[in-house]
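Worksheet for the structure shown next.
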Amino acid sequence: MSTLILGIESSCDDTSAAVLSDGQVLSNVTASQAVHLRYGGVVPELASRAHEQNIIPVVDKALGDAGISADDLSAVAFTRGPGLMGSLLVGVSFAKGFALALGKPIIEVNHLQAHVSAHFIVEEGKERPKFPFLCLLVSGGNSQILLVKDYMDMEIIGQTIDDAAGEAFDKCAKVMGLGYPGGPVINKLANEGDPKAFTFAKPHIAGYDYSFSGLKTSFLYTLRDELKKDPNFIEKNKADLCASLQATVIDILMKNLTRAAKDLGITTVAVAGGVSANSGLRDAFERLHTSRGWDVFVPKFSYTTDNAAMVASAGYRKFEKGIFADMDAAPFSRTVI
């Protein structure tokens with residue numbers, strides 16, 4: 001009999017539900033929230049209200065697309081945290097009530113581990129990374145290097161001490177008037193620009209930790225100084241600014257990852273999180289395969305942003321080991337793996 005896991009993700013502004021059968025995706029449905037675009041960032045109160053509107057139709061569609069009924073489910077997995085508290089409360093509360101009504105067990109999932117678990121989704125003809133491996137987890141809120149020893153044994157060996165890579169993209173994009181979210185716009189313009197046109201500061205941090213505040217400041221100072229000379233500087237150099245910024249961020253990320261891999265003697269690396277959709281970063285990982293012969297794993301674009309398939313994937317591994325949550329499990333906004 002197949003193990004059918006319903007995954008629910010509501011950590012930020014995407015309401016998502018997915019059904020996995022023995023680790024294979026039967027459905028993966030996500031409702032995004034356009035309401036935040038006008039504010040230049042996610043507004044927590046608006047996000048939680050939108051989740052309340054979206055959660056039932058999203059779950060209903062996920063079950064329908066999977067061709068199963070709720071009674072067929074083996075368990076319900078949900079993102080417990082980290083994330084926005086109001087958003088998490090909607091997903092966690094729904095998961096509990098839904099599972100309780102069905103008499104099914106619940107499985108709590110760490111959002112960061114879920115991103116890594118996207119690589120464990122079972123697909124015909126697709127290889128999965130062998131343990132141990134290093135995973136670069138990069139998003140709007142996180143920039144970490146994880147040593148992945150097992151499905152549920154992940155150790156942070158490096159992380160940002162200030163801004164995350166995605167946050168740096170968004171803030172720099174906002175200053176240039178590119179809108180929100182800024183990462184995809186910067187990526188698109190970077191493909192048209194010269195990555196060597198401008199030089200920005202790179203941090204000197206001990207170990208494998210990251211810092212992007214200095215880069216952000218360097219970028220802002222460059223704009224400030226050049227705008228004094230030419231008020232149209234940004235418009236004239238938009239593509240080159242984006243290309244140079246993106247190249248600098250990728251160089252910072254990859255330098256620590258490759259150093260950690262060499263130090264630990266690991267030749268299998270993966271990338272996960274929203275910024276893993278960046279074409280420049282994906283190309284940098286592919287170069288590790290062609291130039292060094294390392295085993296490289298890059299997620300499908302549909303698994304880069306917040307989605308429930310990755311939550312259900314993590315939940316499936318816990319289900320196999322009989323690890324379930326209690327009904328008093330409360331969401332949390334911050335944590336470490």
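The values are calculated or read from the model by the stated rules, or taken from the named source; none is laboratory data. Computed from a prediction, not measured in an experiment: that's the story for all the values here. Note: ideal-geometry Cβ built from the backbone for every residue, glycine included; neighbour counts use all protein chains shown. In case anyone asks, the SASA skips ligands and DNA or RNA and just uses the protein heavy atoms, side chains included. Shrake-Rupley method; radii C 1.70, N 1.55, O 1.52, S 1.80 Å.
Count the DSSP beta bridges whose two residues both fall in the chain, then state the antiparallel fraction as a percent rounded to the nearest 5.
Taking every DSSP beta bridge within the chain, about 60 percent pair in antiparallel fashion.
How large is the charge dipole for region 61-131, taken about the Cα centre, if only the Cβ atoms of Lys, Arg (+1) and Asp, Glu (-1) carry charge, to the nearest 20 debye?
Computed charge dipole of region 61-131: roughly 240 debye.
Please work out whether region 1-138 counts as rounded, prolate or oblate from its C-alpha gyration tensor, where a ≥ b ≥ c are the square roots of the eigenvalues and a/c under 1.5 means rounded, while otherwise a/b larger than b/c means prolate and anything else oblate?
Since a/c reaches 1.5 but b/c is at least a/b, the shape of region 1-138 is classed as oblate.
Roughly how far apart, in whole Å, are the Cα centres of region 294-323 and region 189-203?
Region 294-323 and region 189-203 have Cα centres separated by 33 Å.
Test of understanding: what is the full-extension gain from residue 37 to residue 224, defined as 0.36 nm times their sequence separation minus their Cα-Cα distance?
64.8 nm
From largest accessible area down, sort 205, 5; use a 1.4 Å probe on the protein chains.
Heavy-atom accessible area, descending, gives 205, 5.
Can you give the accessible area per residue of the chain, in Å², using a 1.4 Å probe?
43
Could you let me know the centre-to-centre spacing of region 63-99 and region 219-262, using Cα atoms, in angstrom?
Value for the Cα centre distance between the two parts: 40 Å.
With an 8 Å cut-off on Cα pairs and a minimum separation of 6 or more residues, tell me the relative contact order of region 3-148 in percent.
After rounding, I find 24 percent.
From the backbone phi of region 212-220, what are the Karplus-calculated ³J(HN,Hα) couplings (6.51 cos²θ - 1.76 cosθ + 1.60, θ = phi - 60°) in whole Hz, Gly and Pro given as x?
Once rounded to whole Hz, the list reads 10, 5, x, 4, 4, 5, 4, 5, 5.
Starting from the Cα-Cα distance between residue 262 and residue 302, subtract it from 0.36 nm times their residue separation and give me the gain in nm to one decimal.
Gain on extension, residue 262 to residue 302, equals 11.4 nm.
Over the chain, calculate the relative contact order: mean separation of alpha carbon pairs under 8 Å at least 6 apart, over the residue count, as a percent.
Taking the mean separation of contacting Cα pairs over the length of the chain, I get 25 percent.
Give the cross-link partners of residue 216 among the aspartates and glutamates, using a straight C-alpha distance below 17 Å as the criterion and excluding same-chain residues fewer than 8 apart.
Here the aspartates and glutamates satisfying the reach criterion relative to residue 216 are 162, 163, 167, 170, 225, 226, 240, 251.
Using only Cα atoms and rounding to the nearest 10 degrees, what angle (0 to 90) does helix 233-264 make with the longest principal axis of the chain?
For helix 233-264, the angle is close to 60 degrees.
Please state the shape class of region 252-337: rounded when a/c is under 1.5, otherwise prolate if a/b exceeds b/c and oblate if not, all from the C-alpha gyration tensor.
The shape class here is prolate.
Under a crude label model (7 Å from the Cα following the beta-carbon direction), how far is residue 328 from residue 206 in nanometres?
Computed distance between label sites residue 328 and residue 206 equals 4.2 nm.
Report, by chain and number, residues whose modeled amide H sits under 5 Å from the one on residue 11, excluding near sequence neighbours (fewer than 5 apart, same chain).
none
Suppose every K and R has +1 on its Cβ and every D and E has -1 on its Cβ; what is the size of the dipole of the chain about the Cα centre, in Debye to the nearest 20?
740
Quick check on packing: order 234-246, 133-145, 97-109 by the mean number of other C-beta atoms within 10 Å, highest mean leading.
So the peptides 234-246, 133-145, 97-109, ranked by packing, come out 133-145, 234-246, 97-109.
Rounded, prolate or oblate: which fits region 80-151 when a ≥ b ≥ c are the square roots of the eigenvalues of the alpha-carbon gyration tensor, with rounded for a/c under 1.5 and prolate only if a/b beats b/c?
oblate
Using +1 at the Cβ of each Lys and Arg and -1 at the Cβ of each Asp and Glu in the chain, identify which of 314, 91, 231 lies farthest towards the dipole's positive end.
It is 231.
Near the amide H of residue 122, under 5 Å away, which other amide H atoms are found, from residues 5 or more places off or on another chain, if H is placed in the peptide plane?
Placed amide hydrogens put 24, 25 under 5 Å from residue 122.
If the elastic network links every pair of Cα atoms under 10 Å, which of 65, 170, 263 fluctuates the most in the Gaussian network model of the chain?
Of the options given, 263 has the highest mean-square fluctuation.
Just to be sure I follow the rule: in region 42-182, considering lysines 8 or more places apart or on different chains, how many pairs have Cα atoms under 23 Å apart?
Taking region 42-182 as the scope, the lysine pair count is 5.
Amide H of residue 271: which non-local residues (sequence gap of 5 or more, or other chain) have their own amide H closer than 5 Å, using H built in the peptide plane?
HN-HN under 5 Å from residue 271: 136, 297.
Considering just Cα atoms, how many Å³ per residue does the convex hull of the chain enclose?
Cα-based convex hull of the chain, divided per residue, equals 131 Å³.
Counting only protein heavy atoms and a 1.4 Å probe, tell me what percentage of region 203-274's accessible area is made up of carbon and sulfur.
Here carbon and sulfur together make up 50 percent of the probe-accessible area.
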